[in-house]
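Take a look at the structure set out below.
The values are calculated or read from the model by the stated rules, or taken from the named source; none is laboratory data. This one's a predicted model, so the numbers in the text were calculated from it and none came from an experiment. Note: ideal-geometry Cβ built from the backbone for every residue, glycine included; neighbour counts use all protein chains shown.
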Amino acid sequence: MNIFFHELKAYRKSTIIWTFSLIMVALLFLSMFPSFAKDADQFKKLLAGYPLAMRKAIGLNLANIFTILGFYSYSLSFTTLCAAIQAMNLGTGIVSKEVGEKTADFLLTKPVTRTQILTSKLLAAFTSLLITNVVYLIAANLIAWQVKTVDFSVKKFVLLSVTMLFIQVIFLAIGIIISVIVPKIKSVLTVSLATVFAFYFLGVFSETSGDDVKRYISPFKYFDNTYIIKHASYEGSFLIAGAIIVVAAIAASYMIYTKKDIHAV
Amino acid sequence: MNVIEINNLTKTYGKSRGITDISFNVEQGEIFGFIGPNGAGKSTTIRTLLSLIYPTSGSAKIFGKDCIQFAPEIKKEIGYLPSEVFYYDNMKVKDLLKYSASFYKKDCSKRIKELAEMMDLDLNKKIDDLSLGNKKKVGIVQGLLHEPKLIILDEPTSGLDPLMQQKFFELLEEENQKGATILFSSHILSEVQRLCNRVAIIKEGKIVTVEKISTLQENNYKKFKVETKSALAPEYFNIIGVNNLQAKGNVISFLFKGNINTVLKKIAEIEVVNLWIEEPDLEEIFMHYYEKEA
């Protein structure tokens, strides 16, 4: 438990900053909604002028963009992108931070197993993400109620928002596996930005073709906001795909990390 | 009883040299020196003992238990001080030590205070702001605060000023008298001589010899360097006990073991410009060991 609390404390500052930033992004977008909804017809005409492929690529859906949930889900695609970077940073940092700050010798010569170390750190990172999401969800919901023109389903709002946590967990797992495989990561941020944006653009490409199979390539496309708004549920096959990635990456990380040589630096 | 038992330990990595077939024992209550030049495999051996790295073949036991299989259990009684200490920067010394203590199921606060006082360490400073020497002190306190039965030190003196080094050695001797066994790795012969009962000498990943310090001291070599006014045939010094005889211009150098007076008499007979008599450094001692093998 001591490792868990130590790590959680170490994440405190970055968790606060990320949470605040995510809320600001949501606030920025949602505050535009009232004027956007007012001139809906004009915007619709304007947006219809864009090619369909492009509208799909940037996640514009003319059918629901003028409802608060549709508009929110559009803003959510940006907050999720930022949130993915936060999660990836945490994940990549779990092991490589010890190497970078050369504290691995300190921790690994204590009477604890490597499994205990990884578990504590993983839980601390997950807790940080959970806190971020809970605070964000409450704030975003409050903002949405302020700017709405008609009432909306809170359930759907929560379902939409929670996709952010799901995607974060996937990127947390990807980050961990990278950090145990790559021997020395000089800059965590570079690695996480590169990975997250790579998947983001892969997602954009897969969207243009409208092919469902291609959606499996990018975790960003596992949760189709239009589908969620329509059915108030997630697509099972993509939930499973996400779970498989997370479980596989974390299991592999445990196996590699417990066998890994920790070299002097 | 052996606190450490290393049996045919081998570790190979891709490029860098590992260790080959290392075997030696450290007995309970001894201060055991582990000496060799940089890159000889001292750290590799120590890191294997601490299960930071895993052996390619062979095994090691600490307190009679396999050092990999029982690693967490063994480590309760080990204090480790790495050669380079870097700790979580954003912490105060006090908090880091508390964090370190939290891994051992006993109250270490009193011992932390004692050690900090002894080492003259300010507990309220941020680790970030500490000099290298002070960081080293944090490392020392961190390694000793749980009163371990085995203390493993990997080149611990770098960065400590002579006064602190002295205090640190006294501290180690104190711990030793209380019953702690110490494995002390170093590339500085004098500190090993000062502190240790026995030494293992390692070179290029292999143990060259394990000897008592007293035996080493019997082989007390001196390094002579004589600068003469006019060139002198080096053969002049070719007497019994002289090794590695070399001449560079007017400077003749050699290693000597035996009665020093015989050499001094020889030197007295010639016109000397300058004279150096030094303890041979490790490389030269190793040379001696390799010559013996050849």
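When both residues are 6+ apart or on different chains and their Cβ atoms are under 6 Å apart, which pairs have a first residue that lies in region B:90-118 and is buried (at least 19 other Cβ atoms within 10 Å of the Cβ), and a second that is polar (S, T, N, Q)?
B:Ser100/B:Gln142
Matching residues to (1) in contact with a helix residue (DSSP H, G or I) (Cβ under 8 Å, 6 or more places away or on another chain); (2) within 26 Å of A:His263 (Cα to Cα); (3) at pLDDT below 90:
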| position | (1), (2), (3) |
| --- | --- |
| B:Leu145 | yes, yes, no |
| B:Glu155 | yes, yes, yes |
| B:Phe168 | yes, no, no |
| B:Leu171 | yes, no, no |
| B:Ser185 | yes, yes, no |
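Mind listing whichever residues of region B:30-60 are at pLDDT 90 or above, within 26 Å of B:Gln193 (Cα to Cα) and away from chain A (no Cβ under 14 Å)?
B:Glu30, B:Ile31, B:Phe32, B:Gly33, B:Phe34, B:Ala60
Looking only at region A:169-194, count every residue that is assigned to a helix (DSSP H, G or I) and surrounded by 16 or more Cβ atoms within 10 Å (Cβ to Cβ) and tell me the total.
Applying the first criterion (assigned to a helix (DSSP H, G or I)) to region A:169-194 yields A:169-181, A:188-194.
With surrounded by 16 or more Cβ atoms within 10 Å (Cβ to Cβ) added as a condition, the list becomes A:169-180, A:188, A:191-192.
The number of residues fulfilling the criteria is 15.
What single numbered condition from (1) within 14 Å of chain A (Cβ to nearest Cβ); (2) of a type in the set (Val, Ile, Thr); (3) more than 25 Å from A:Ala10 (Cβ to Cβ) fails to hold for B:Ile127?
For B:Ile127, the failing item is (3).
Here are some residues: A:Phe197, A:Phe166, A:Phe205. Which one is part of a helix (DSSP H, G or I), at pLDDT 85 or above, surrounded by fewer than 21 Cβ atoms within 10 Å (Cβ to Cβ) and out of contact with any helix residue (DSSP H, G or I) (no Cβ under 7 Å at 6 or more places or on another chain)?
Working: A:Phe166 fails: out of contact with any helix residue (DSSP H, G or I) (no Cβ under 7 Å at 6 or more places or on another chain); A:Phe205 fails: at pLDDT 85 or above.
From the options A:Phe197, A:Phe166, A:Phe205, the qualifying one is A:Phe197.
Kindly indicate the residue of region A:109-128 that is among the polar types (S, T, N, Q) and within 14 Å of another protein chain (Cβ to nearest Cβ) and also surrounded by the fewest Cβ atoms within 10 Å (Cβ to Cβ) among those meeting that condition. Talk me through it step by step, then tell me what you get.
At the first step, the residues of region A:109-128 found to be among the polar types (S, T, N, Q) are A:109, A:113, A:115-116, A:119-120, A:127-128.
This time we only want the ones that are within 14 Å of another protein chain (Cβ to nearest Cβ), so: A:109, A:113, A:115-116, A:119-120.
On the way: A:Thr109: 25, A:Thr113: 15, A:Thr115: 12, A:Gln116: 15, A:Thr119: 15, A:Ser120: 21.
By that ranking, first place goes to A:Thr115.
Scan the helices (runs of 4 or more DSSP H) fully inside region A:1-105 and keep the ones with 2 or more residues being buried (at least 21 other Cβ atoms within 10 Å of the Cβ) and not hydroxyl-bearing (Ser, Thr, Tyr). Spell out how you get there, then give the answer.
Working: elements: A:2-30, A:33-38, A:40-48, A:52-57, A:68-100.
Hits in region A:1-105: A:2-30, A:68-100.
State which residue pairs qualify: first residue facing chain B (nearest Cβ under 7 Å) and inside region A:95-108, second residue surrounded by 20 or more Cβ atoms within 10 Å (Cβ to Cβ) and not hydroxyl-bearing (Ser, Thr, Tyr) in any location, beta carbons under 6 Å apart, and separation of 6 or more residues or different chains.
A:Asp105/B:Pro82; A:Leu108/A:Ile262; A:Leu108/B:Leu52
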